[in-house]
Amino acid sequence: MKKNRLYYQDAYCQSFTTQVLKSVQDTEGNPYIVLEDTAFYPTGGGQPCDTGTLNDVAVHQVEEVDGEIRHFVEKPIAASEEVIGKINWTRRFDHMQQHTGQHILSAALLAEYNFSTVSFHLGNDLVSIDIDTPSISPEQLDHVEKVTNQVILENRPIELTWVTEAELTQYALHKEVSATDEIRLVIIPEYDYNGCGGIHPRSTGEVAALKILFTEKHRGKTRIHFVCGYRVMKQLQQKKAITAEASTLLNSPEEGVPASIQKLIETNHSLELALKEAHESVLTFEAKELLLTKTHGVVKAIYKERTVQELQQLAKLLVAESDDIVVLLIAENEERFQFVAARGNAINRSMKEVSTAALQMINGKGGGSDAFVQGGGEKVVSASTLLEEMEKAINTKN
């Protein structure tokens, strides 16, 4: 298990010299190489791989497949060639901080509330764990965050050791390990004991800090999103920038931003109500004007770029105003037609016949009742032709 993995011995290894054992392509034609030794961490255990270079050739993905560590490279490197590998240290140390912070947080959740961690994901911006509970209170989150940061502040040592399966009983492991040969343990003495193949710093102090950001429910579990180390500062900088911009836009001091936003929401709600009332008044006036165009008991109109909701409102206003009319309204919107057909209570005709005729012409879909139908379809005929066919469908039902 230890062979060909220099990071197992020293996570701080940033460069190394080794030899290319194999240089091939995968089934999709992507070149990769296998090295005699490597310090590159392959993707696994919820942690992304290292990136870097081999003889200045970019290594963009590292995976373990069938017991070999494959380094996917920008261009092929000849087999048997000696190479100098360089690890992207900024990326690696960030992953070390996040992964170790997860160990400490998971240990705190288990010790304080008996919440076990069932999965871990290290993303480009956030880290998340799923814990085996449907909910966790804000007070519990605050407490485990404080416990976690206290352990970080104490700068406790982080030890790595290799044991056999028989020796596992000597350690209070938080979860079972799947390995049965040589087993690598990551230990924070008297606090956390884990079987883990990941990369970690030498002490908890190098994690620097941990901040829980938010939680969400996920498949009956609780997912906790958090950041560690330099990512805490990045989150603080982002939120500071957002708050400062909001302060400027609202012309309010930063501490007054929440109150200003609440006032803005209330004002916006009032304006929406006023706008809705004004729009309804305009539609009511329009319906009265449209009613004057009634011919042989039919009110009809064609509009450009109008919503079907407005057509519906107009039709309802019209039949409410006069119960002895049929209303036919069409809207031309980009490449589609939308239509509404309605009748007053005194009219004994089904609007479904109108809908059927219209939908057949425009390859459309629609629905409704005998009194009110709506639909839409393709602009394969002119709007005037469509309106004529809708009106014809009424006349055939006399």
**Asked** Within segment 257-291, restricting attention to residues that are β-branched (V, I, T) and in contact (Cβ under 8 Å) with a residue 12 or more places away in the chain, which residue is most open to solvent (accessible area, probe 1.4 Å)?
**Response** I261
**Item:** Residues of segment 48-86 classified as over 17 Å from Y32 (Cβ atoms) and β-branched (V, I, T), total
**Value:** 1
**Prompt:** Got a number for residues in segment 320-370 being in contact (Cβ under 8 Å) with a residue 40 or more places away in the chain and out of contact with any Phe, Trp or Tyr (no Cβ under 8 Å at 6 or more places or on another chain)?
**Reply:** 10
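Condition check ((1) acidic (D, E); (2) under 28 Å from L210 (Cα atoms)) across all residues:
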position: Q14; (1), (2): no, yes
position: A58; (1), (2): no, no
position: D66; (1), (2): yes, no
position: E74; (1), (2): yes, no
position: I77; (1), (2): no, no
position: R91; (1), (2): no, yes
position: F115; (1), (2): no, yes
**Asked** Taking interchain pairs and intrachain pairs at least six residues apart, which have beta carbon atoms under 8 angstrom, with the first residue in segment 224-242 and open to solvent by 80 Å² or more (accessible area, probe 1.4 Å) and the second in a strand (DSSP E or B) and at pLDDT 95 or above?
**Response** K234/V227
**Prompt:** Can Q313 be described as part of a helix (DSSP H, G or I), open to solvent by 70 Å² or more (accessible area, probe 1.4 Å), polar (S, T, N, Q) and in contact with an Asp or Glu (Cβ under 9 Å, 6 or more places away or on another chain)?
**Reply:** no
**Request:** Would you point out the residue of segment 184-217, among those that are without any contact (Cβ under 8 Å) to a residue 40 or more places away in the chain and within 15 Å of G45 (Cβ to Cβ), that is least open to solvent (accessible area, probe 1.4 Å)?
**Result:** L185
**Complete:** Within segment 76-92, the residues that are part of a helix (DSSP H, G or I), in contact (Cβ under 8 Å) with a residue 60 or more places away in the chain and open to solvent by 20 Å² or more (accessible area, probe 1.4 Å) are W89
**In segment 292-305, the residues that are more than 12 Å from L329 (Cβ to Cβ), touching a residue at least 12 places away in the same chain (Cβ under 8 Å) and open to solvent by 40 Å² or more (accessible area, probe 1.4 Å)** = K294, K304, E305
**Fill in**
The correct count of residues that are open to solvent by less than 20 Å² (accessible area, probe 1.4 Å) and not in a strand (DSSP E or B) in segment 42-58 is 3
**Request:** Check whether at least one residue in segment 147-167 is among the small types (G, A, S) and touching a Gly at 6+ places or on another chain (Cβ under 7 Å), and report yes or no.
**Result:** no
**Hey, G46 of a type outside the set (A, V, I, L, M, F, W, C), in contact with a Phe, Trp or Tyr (Cβ under 9 Å, 6 or more places away or on another chain), touching a residue at least 40 places away in the same chain (Cβ under 8 Å) and at positive phi or not** = yes
**Request:** Go through (1) among the acidic types (D, E); (2) assigned to a strand (DSSP E or B); (3) farther than 18 Å from Y8 by Cβ and name the single condition E63 misses.
**Result:** (3)
**Request:** Look through segment 148-170, keep the residues that are open to solvent by less than 90 Å² (accessible area, probe 1.4 Å) and β-branched (V, I, T), and return whichever of them is farthest from R202 (Cα to Cα).
**Result:** T164
**Complete:** Condition set open to solvent by less than 50 Å² (accessible area, probe 1.4 Å) and over 11 Å from I330 (Cα atoms), scope segment 386-398, selection modelled with the lowest pLDDT: answer is I394
**Request:** Go through segment 39-61 residue by residue and tally those that are more than 17 Å from H200 (Cα to Cα) and of a type in the set (S, T, N, Q).
**Result:** 3
**Request:** Name the single residue, out of those in segment 369-381 being open to solvent by 50 Å² or more (accessible area, probe 1.4 Å) and within 23 Å of E334 (Cβ to Cβ), that is farthest from the chain's Cα centre (by Cα).
**Result:** V380
**Message:** Filter segment 171-183 down to the residues that are farther than 19 Å from T43 by Cβ, free of Cβ contacts under 8 Å to residues at least 60 places away in the same chain and open to solvent by 50 Å² or more (accessible area, probe 1.4 Å) and list them by number.
**Reply:** Y171, A172, K175, E176, T180
**Request:** Please go through segment 21-41 and pick out each residue that is in a loop (DSSP other than H, G, I, E, B), open to solvent by 10 Å² or more (accessible area, probe 1.4 Å), touching a residue at least 24 places away in the same chain (Cβ under 8 Å) and not charged (D, E, K, R).
**Result:** N30, Y41
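The values are calculated or read from the model by the stated rules, or taken from the named source; none is laboratory data. Remember, predicted model here, so these are calculated numbers, not experimental data. All Cβ positions, glycine included, derive from the backbone under ideal geometry; neighbour counts span all protein chains shown. The accessibility values were calculated without ligands, DNA or RNA, using every heavy atom of the protein model including side chains. Shrake-Rupley method; radii C 1.70, N 1.55, O 1.52, S 1.80 Å.
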